[in-house]
Amino acid sequence: MALLEVRELRAGYDHLPVLQGVSFTVEEGETAVIFGLNGAGKTTTLLTLAGLLRPTGGSVRFLGREVAGKPSHVLAAMGLVLVPEGRRAFPGLSVEQNLLLGAWPARREGRIRETMGKILEYFPPLSQRLSQKAGTLSGGEQQMLAIARALMARPRLLLVDEASLGLSPVMARTVFEVLAAIKGEGPTLLLVEQNVGVLPYAERVIIMEKGVVVFEGVGEEARAVRLRESYLGG
Ligand code: ATP
């Protein structure tokens with residue numbers, strides 16, 4: 001059984017349909033990456049999967065259950081958590097306070113401090129800045145904080161929207177490496193990216209164009225995309 005199965009998903013904004021029947025699968029334990037040019041519908045896909053935008057049609061099966069249209073807090077409690085584009089930490093709160101807020105979907109399970117300790121092992125710059133206000137962190141550190149905060153919810157599936165946006169190539173690579181390290185122990189990853197630097201970490205490659213998936217490949221097929229990466233553009 002796939003962890004996530006998206007079939008003919010449709011969604012949009014008011015009267016603007018954006019997703020025109022999006023279908024793809026994510027298996028447990030893999031790193032899947034959605035590529036596509038600006039406006040292809042990548043962010044809209046993640047917002048819809050995370051319950052922040054209501055689908056107008058189609059099906060989303062997560063952990064074997066139909067979840068299309070369920071609100072984000074229900075999905076987060078089930079283990080489906082989004083790191084939105086633009087990071088969105090609470091700038092006036094400390095790094096530690098931001099992390100503790102991320103734990104609410106897993107609050108019933110307790111062990112919040114223990115979880116935070118484990119997560120911080122992956123983010124040494126954050127562990128040295130626990131009392132610093134989030135708004136004063138660098139762009140790369142804020143992206144780390146956004147990912148670390150989402151991990152506090154102990155997700156089964158982590159959706160990350162353009163983690164590398166606005167980061168230097170070196171910082172983008174650091175973020176990808178942290179995601180790869182986390183994956184060994186933690187959640188399955190579904191990333192949206194325009195940065196082809198993520199390709200070496202991808203086990204499944206999904207390409208979107210104008211609101212539909214035009215390519216989905218794993219293994220050899222995904223590697224072939226890496227060879228043709230210039231096709232993907234910047
Ligand atoms: P990008 O990388 O530029 O964010 P994307 O592939 O993530 O591209 P989306 O953000 O999903 O694309 O946008 C798809 C379409 O939906 C675009 O035409 C965009 O203008 C439109 N759109 C996005 N957000 C809204 C909104 N809040 N209201 C109306 N239209 C929107």
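Numbers below:
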quantity: Looking only at the stretch 1-47, and only at residues there that are assigned to a strand (DSSP E or B) and of a type in the set (Val, Ile, Thr), the one that is farthest from the chain's Cα centre (by Cα); calculated: Val18
quantity: So Arg129, is it farther than 24 Å from Arg61 by Cα and either surrounded by fewer than 22 Cβ atoms within 10 Å (Cβ to Cβ) or within 16 Å of the ligand (Cβ to nearest atom) (or both); calculated: yes
quantity: Every pair of residues 6+ apart whose Cβ atoms lie under 8 Å, when the first sits in the stretch 13-30 and is touching a residue at least 40 places away in the same chain (Cβ under 8 Å) and among the hydroxyl-bearing types (Ser, Thr, Tyr) while the second is open to solvent by 80 Å² or more (accessible area, probe 1.4 Å) and in a strand (DSSP E or B); calculated: Ser23/Arg7; Ser23/Glu8
quantity: Residues of the stretch 147-166 classified as open to solvent by less than 20 Å² (accessible area, probe 1.4 Å), outside any strand (DSSP E or B) and of a type in the set (A, V, I, L, M, F, W, C), total; calculated: 7
quantity: Residues located in the stretch 179-196, provided they are more than 22 Å from Met78 (Cβ to Cβ) and either within 16 Å of the ligand (Cβ to nearest atom) or buried (at least 18 other Cβ atoms within 10 Å of the Cβ) (or both); calculated: Glu193, Gln194, Asn195, Val196
quantity: Given (1) within 14 Å of the ligand (Cβ to nearest atom); (2) crowded, with 17+ Cβ neighbours inside 10 Å; (3) closer than 22 Å to Phe176 by Cα, number of the condition Thr25 does not satisfy; calculated: (1)
quantity: Residue in the stretch 39-62 that is among the small types (Gly, Ala, Ser) and away from the ligand (no atom under 16 Å from the Cβ) present; calculated: yes
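Conditions tested, residue by residue: (1) surrounded by 15 or more Cβ atoms within 10 Å (Cβ to Cβ); (2) in contact with a Ser or Thr (Cβ under 8 Å, 6 or more places away or on another chain); (3) at pLDDT 95 or above.
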| site | (1), (2), (3) |
| --- | --- |
| Glu5 | yes, yes, yes |
| Leu75 | yes, no, yes |
| Gly86 | no, no, no |
| Arg108 | no, no, no |
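The values are calculated or read from the model by the stated rules, or taken from the named source; none is laboratory data. Note that the structure is predicted; figures quoted are calculated from it, not measured. Glycine gets a Cβ as well: all are built from the backbone with ideal geometry, and neighbour counts include every protein chain shown. Side chains are part of the model used for accessible areas, which takes the heavy atoms of the whole protein and leaves out ligands, DNA and RNA. Shrake-Rupley method; radii C 1.70, N 1.55, O 1.52, S 1.80 Å.
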